[in-house]
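Trainee: Take this structure, written in structure tokens, and hold onto it; I'll ask about it next.
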Amino acid sequence: MHRFRTVIAALTLGAPLAASAADITRIASSFEDDDPFDLFLDVGFERTQTRAKIVREQLPSGGSGGELKEVNELWYKGVDARLNLALAFGLWKDLEFSFKLPIVFQQNESWEFVSGVGQSNSTIVNSCFNADGSPYSSEGCVGRLFSMPQESYRGGLGNIHFGLAYAFFNQEKDSTKPTWIVGIDYEAPTAKLRDPSVDTTDPDGERGNVGDRVHKYQLYTSFSRRMGAADPYFKAYHTIPVRGPKAYSNCDQAGTNPSNLGAPGNCFTGPWNRKETGIQAPSQTGILFGVELVPFESAAKAQKFTVDARLIGNYVGRGRYYNELSSALRKLLTSDDYLQVGGQFGVTARAAEAFTIRASGNFLYNTDHLLTSETIGQDLDGNGTVDTNPGSPELNPTFDWRYDLASRRFRAIQSTTFRFDLGASFAF
């Protein structure tokens, strides 16, 4: 049976799924003279933990004047544990079709105060304004953005993936050439819609959904070249998001009281349609390169042990989506773009041609980025400025004066993501 070398790749919090070098450029090939059909079943457990400190912009005491500073507010932790079931088979010579279903056991989040911050001095608990920018009618800053500490619980079936990949060159057929794969991975919005306004803080209650109702198309290319005991490889990929049917819009909660929107009266009027006020998932671009070392290999018994090390870089674009504060603030939030840089170390053991197990650890550092960066509105009359007076049709309804305005925005810093993967592959 031919070695199969293609990846079913996807981004979770913006990072590729773990895989060995053999997976980066493996291809399931059928209708070969000595191998009529290839089919591979992958089963893997994946646990991802993201931790970040969340700070908030603050003007100096006394109002305007002086330099804007950022004050510590809280620690964020997100844990995603899932089982990935994947199937790949050859449609033709070096042409593979793949299918993957993730089962999300938990997608939990928690927020707690950093040291030195508590109920008495946190700006989250002691907020002075309403969402439309007006001060509270009662005396003092007695408002509350959300309860602290807090936890959120979600889970369920994730989005189904379909993939198609083709090997233009295959080193196993022609030793003078590397293996070169070009493919597309399509993530269909099949998971139940995640509504951020729904309360998911009860650990004994029904878990919230995990779907974003966004089509995602990932285009990728990958190379590898086995040279003795070393198998260096490279992969580049770009993900294009397209809003799907019934995607969530912040204006779906326009009638709530108290309002979570700055100008709910503008919802679904003028330019503020569902597309403009709904989810705007970010595009993502990444590269990875590494080397798989083979300290042991027995061709006669189809056994092999490998060690894999790689470097990873991802760019996550600006967008309005579910970020580290969405479950707490109960809405889609606009995040600025940021980079993820890090690496991965893994081992793979093939006990026989039909069975392979692998384990890996992946670490990424996420550069500092704003979590609440909604634009205030649109200049509809062409006078060069946005009319921010109450009732103005130019105001963005999803803009919130409490935390989207410069000097009140939230930012994620010291953000890291660690992922552990344990999986097995079966070849038929």
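The values are calculated or read from the model by the stated rules, or taken from the named source; none is laboratory data. What you see is a predicted model; the values in this text were computed from it and never measured. Neighbour counts run over all protein chains shown; Cβ positions are idealised from the backbone, glycine included. Areas reflect the complete protein model, heavy atoms only, side chains present, ligands, DNA and RNA absent. Shrake-Rupley method; radii C 1.70, N 1.55, O 1.52, S 1.80 Å.
Trainee: Mind giving me the FRET efficiency for residue 221 and residue 381? R0 is 51 Å, r the Cβ-Cβ distance, nearest 0.05 is fine.
Mentor: Once rounded, the FRET efficiency stands at 0.60.
Trainee: State the percentage of accessible surface on the chain attributable to carbon and sulfur atoms; use a 1.4 Å probe and exclude ligands, DNA and RNA.
Mentor: Here it works out to 59 percent.
Trainee: In nm, to one decimal, how far is the residue 293 label point from the residue 268 one, both placed 7 Å along Cα→Cβ?
Mentor: Here the modelled spin labels are 6.1 nm apart.
Trainee: Let me ask something additional. Note down, for the stretch 67-107, the three equivalent ellipsoid semi-axes (square root of 5 times each alpha carbon gyration tensor eigenvalue), biggest first, whole angstrom.
Mentor: 44, 17, 5
Trainee: For the stretch 310-428, which semi-axes, largest first and in whole Å, follow from the square roots of 5 times the eigenvalues of its Cα gyration tensor?
Mentor: Value: 45, 14, 12 Å, ordered largest first.
Trainee: Do you know the relative contact order of the chain, to the nearest whole percent, from alpha carbon pairs under 8 angstrom that are 6+ apart?
Mentor: It rounds to 17 percent for the chain.
Trainee: Summarise the long-distance tail of P(r) for the stretch 256-374 by giving the % of C-alpha pairs beyond 26 Å.
Mentor: Result for the distance tail: 48 percent.
Trainee: Please provide three numbers in whole Å: the alpha-carbon extents of the chain along the principal axes, with the largest listed first.
Mentor: Largest to smallest, the principal-axis extents are 81, 46, 43 Å.
Trainee: Can you compute the charge dipole magnitude of the stretch 389-428 about its Cα centre, using +1 on each Lys and Arg Cβ and -1 on each Asp and Glu Cβ, nothing else charged? Give it in debye, rounded to the nearest 20.
Mentor: Approximately 200 debye in magnitude.
Trainee: So what is the accessible area of the stretch 323-413 per residue, in Å², with the probe set to 1.4 Å?
Mentor: Dividing the accessible area of the stretch 323-413 by its residue count gives 37 Å².
Trainee: May I pose another question? In debye, nearest 20: dipole of the stretch 24-121 around its Cα centre with unit charges on the Cβ of K, R (+) and D, E (-)?
Mentor: The calculation lands at about 700 debye.
Trainee: To continue, here is another question. Based on the Cα atoms of the stretch 204-322, what semi-axes does the equivalent ellipsoid have, where each is the square root of 5 times one gyration tensor eigenvalue, given in whole Å with the largest first?
Mentor: 47, 17, 11
Trainee: Hey, another quick one. Can you pull the Kirkwood radius for the stretch 268-318, inverse mean 1/r over Cα pairs, to one decimal in Å?
Mentor: Kirkwood radius, the stretch 268-318: 15.6 Å.
Trainee: Sequence neighbours fewer than 8 away in the same chain don't count; with that in mind, list the aspartates and glutamates whose C-alpha is under 20 Å from residue 304.
Mentor: 23, 38, 42, 172, 231, 292, 353, 421
Trainee: What are the aspartates and glutamates whose alpha-carbon lies under 16 Å from the alpha-carbon of residue 69, with same-chain residues fewer than 8 places away excluded?
Mentor: By straight Cα distance, residue 69 reaches 57, 368, 404.
Trainee: Calculated from DSSP H runs of 4 or more alone, at -39500 (n - 2.57) each and per residue, what is the 222 nm mean residue ellipticity of the chain, nearest 500?
Mentor: Theoretical 222 nm ellipticity from helices: -500 deg cm²/dmol.
Trainee: OK, next. Suppose a student asked you for the relative contact order of the stretch 360-428, using Cα pairs under 8 Å spaced at least 6 residues apart; what percent would you report?
Mentor: Worked out over the stretch 360-428, it gives 49 percent.
Trainee: Hey, another quick one. Under a 1.4 Å probe, what is the accessible area of the stretch 31-99 per residue, stated in Å²?
Mentor: That works out to 49 Å² per residue.
Trainee: Within straight cross-link reach of residue 192, meaning Cα distance under 20 Å, which lysines are found once same-chain residues fewer than 8 apart are removed?
Mentor: Straight-line reach from residue 192, under 20 Å: 100, 216, 246, 275, 331.
Trainee: Still on this model: Three principal axis extents, largest first, for the C-alpha atoms of the stretch 341-401, in Å?
Mentor: 70, 25, 19
Trainee: Per residue Cα convex hull volume for the stretch 118-257, in cubic angstrom?
Mentor: Here the figure is 215 Å³ per residue.
Trainee: With charges set only on the Cβ (+1 for Lys and Arg, -1 for Asp and Glu), what does the dipole of the chain come to about its Cα centre, in debye to the nearest 20?
Mentor: Roughly 540 debye, rounded to the nearest 20.
Trainee: If you take the Cα atoms of the stretch 90-182, find Rg, then find the Kirkwood Rh from the mean of 1/r over all pairs, what is Rg/Rh?
Mentor: My calculation of the ratio gives 1.41.
Trainee: Accessible surface of residue 98 in the full protein assembly, 1.4 angstrom probe, to the nearest 10 Å²?
Mentor: 0
Trainee: So, for the stretch 106-251, what is the accessible surface per residue at a probe of 1.4 Å, expressed in square angstrom?
Mentor: 48
Trainee: Rounded to the nearest 10 Å², what accessible area does residue 276 have for a 1.4 Å probe in the complete protein model?
Mentor: 70
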